[in-house]
Amino acid sequence: MRVKAFTRAGVVAIGRVALLGLLSPPVKLVLLVLSVVSLALTVVGVGLVLAPLVAMLVRAYADLHRRAARDWSWIDIPRPYRPLPAGAFVGSPRRWLWLVRDPATWRDLLWLLTGAPVGLLLGIAGPVLLVYGLEGLLGVALIIAAATGHYGYGVTWPIEDALDVLSVPPQGALVTAGALYAGPWLLWALAQFDRLLLGPTRGAALAQRVDRLTETRTQVVDAQAAELRRIERDLHDGAQARIVSLGMSLGMAEDLVTRDPAAAQALIAEARQASGLALAELRHLVRGIHPPVLAERGLDGGVRALALTLSIPVTVDVDLAGRPDAPVESAAYFAVAEALTNVVKHAHASAAWVSLSHLGGALYITVGDDGAGGASLSGGSGLAGVARRLGAFDGSLHVDSPAGGPTVLTMELPCVLSSPRTSPSSATG
C-alpha cells in the first residue's frame, strides 16, 4: 500500500510539474511579447487600451500559478497588486498610470521572462528521469540491444557485457524510485520560484499589512459602536424599564402602607418580582458582554458549557497548554458561539464538533457539523460577523461547506498562552 501511494504521488507530481513547466515557454513568451508591444504602442495611444487588457491576461495566468502552488504544494502566494483607483476604466490614462506604477506589473514581466526556461527545465527533468528509469527497469534497453545486436552506447543504457545486462534493471529501479521521490520536490521548487516573483515584496507586504490593519480597525470601531448601541438598547428596554417600574411600585406602596396595608403589601410583592426580573436581565446582559464561566473556567470550560446548552450533541476536544489573553479568549468564545448558533438554526445537523488547539503561536478552532452544507461568508448566516470579529485580532476564517455537507469552519487567531490549564482535554457536550 505504501509503495502504491508513493508511486501515485510521484507520478501525479511529475505530471503536474510537466504540465506547468512545458506550457510555460509558449504561454509566457506570447504574454511577454504582447506586454512589451502593448506598452510600446502607448506612444500612439493604442497602448492605453491594450496594455491594461494584456495585463489582465498576465495576472489571470499568474493567478493560475498561485492557485496551483497553493493546491498542489501548499505554498500560499498572496496577490501583490495595488487596488484599482476609482474611475480608472480601461483606456483612461489613470488606468495606464496605475498599471505602470505598480511594481508587481514589472515583476510579472520578469517572471514571464525568467519563468520560461526555469519551467521548461523543471518540467522536463521529471519525465526524463522517470522514462529513463523505467527503460532500464523494464528491460527496454536490453530488448533493443538484443533485437538490433548493437551493444555499447548506441542505446540509452550502456550495455557492453553480461555484467551490464544484470546491472541495468536494478539501476533502472533506483533511477525510477529517485524520479518518483523527486517529483513532489520539483513541483515544490517551481512553486517556490513562482512565489519569489509573484508574491509581494517586503514593501508591498508591509503596505498590505497597513491596509489590513486599517480595515480591521474600522471594523472594530463599527463593531464596538454597534455593541454599545445594543447594550444601551437592552438596558433601556429591559432592566432600566423594570427598575423604573420597581421605583414606582415602591413609591405607591409607601403612600398606601398606612391607609391600605394589603394593597401596599401587594405592591411590594410586585416590586420584589420586578427586581428579580431586572436582576435576571442584567445577568443575561453581562453574559453577552463577558460570560462569567469564561472568566472562571477559561475557554475550555466556556465552550463546554456552551455546548451543553444546545439542542444537538456537540463533541468538544480541547488541547491547550494554557489560556490566551482575555480579549482573544472572549473573541474565540463568541466566534464558537456564533458558529454553533448557525449550526442549530441553519445546518439541519444531527451532531456537531468543536476542536481547539494551539500551534506555532496561533489558536486554531475547528467547528464542524454533519448538516446540509452550503454555508458561505456571503450567505447572511452570521459568518461574516465572525470573520470581522477574528479580523480585529489579525485572525482568519476559512469555510469549507460543499452542498450536502459536511460544513467545517477553521478559525485562526494569533496569540500566546499564559497560565496552564486545569480542565480535562476532551469531553462530549
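The values are calculated or read from the model by the stated rules, or taken from the named source; none is laboratory data. These figures come from a predicted structure and were not determined experimentally. All Cβ positions, glycine included, derive from the backbone under ideal geometry; neighbour counts span all protein chains shown. When the accessible area is computed, the model is the full protein with side chains, heavy atoms only, and any ligands, DNA or RNA have been set aside. Shrake-Rupley method; radii C 1.70, N 1.55, O 1.52, S 1.80 Å.
Listed values, structure above:
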{"read-out": "Some residue of the range 335-354 being farther than 22 Å from P406 by Cα, touching a residue at least 40 places away in the same chain (Cβ under 8 Å), buried (at least 18 other Cβ atoms within 10 Å of the Cβ) and not basic (K, R)", "value": "no"}
{"read-out": "Qualifying residues in the range 90-125 (those that are among the aromatic types (F, W, Y) and either touching a helix residue (DSSP H, G or I) at 6+ places or on another chain (Cβ under 6 Å) or farther than 16 Å from L53 by Cα (or both)) - the one least open to solvent (accessible area, probe 1.4 Å)", "value": "W111"}
{"read-out": "Tally of residues being under 19 Å from the mean Cα position of the chain (by Cα) and of a type in the set (D, E, K, R) across the range 334-387", "value": "2"}
{"read-out": "Residue that is small (G, A, S), in a loop (DSSP other than H, G, I, E, B) and at pLDDT 85 or above, where the choices are S350, S423", "value": "S350"}
{"read-out": "Check on I312, open to solvent by less than 40 Å² (accessible area, probe 1.4 Å), part of a loop (DSSP other than H, G, I, E, B) and modelled with pLDDT of 85 or more", "value": "yes"}
{"read-out": "Residue check for E296: under 20 Å from A387 (Cβ atoms), surrounded by fewer than 22 Cβ atoms within 10 Å (Cβ to Cβ) and not small (G, A, S)", "value": "no"}
{"read-out": "Neighbours by Cβ (under 7 Å, 6+ apart or cross-chain): first from the range 84-95, outside any loop (DSSP other than H, G, I, E, B); second open to solvent by less than 80 Å² (accessible area, probe 1.4 Å)", "value": "P93/L48; R94/P85; R94/G87; R94/A88; R95/P52; R95/A88"}
{"read-out": "Failed criterion for A182 (all others in (1) modelled with pLDDT of 90 or more; (2) open to solvent by 70 Å² or more (accessible area, probe 1.4 Å) hold)", "value": "(2)"}
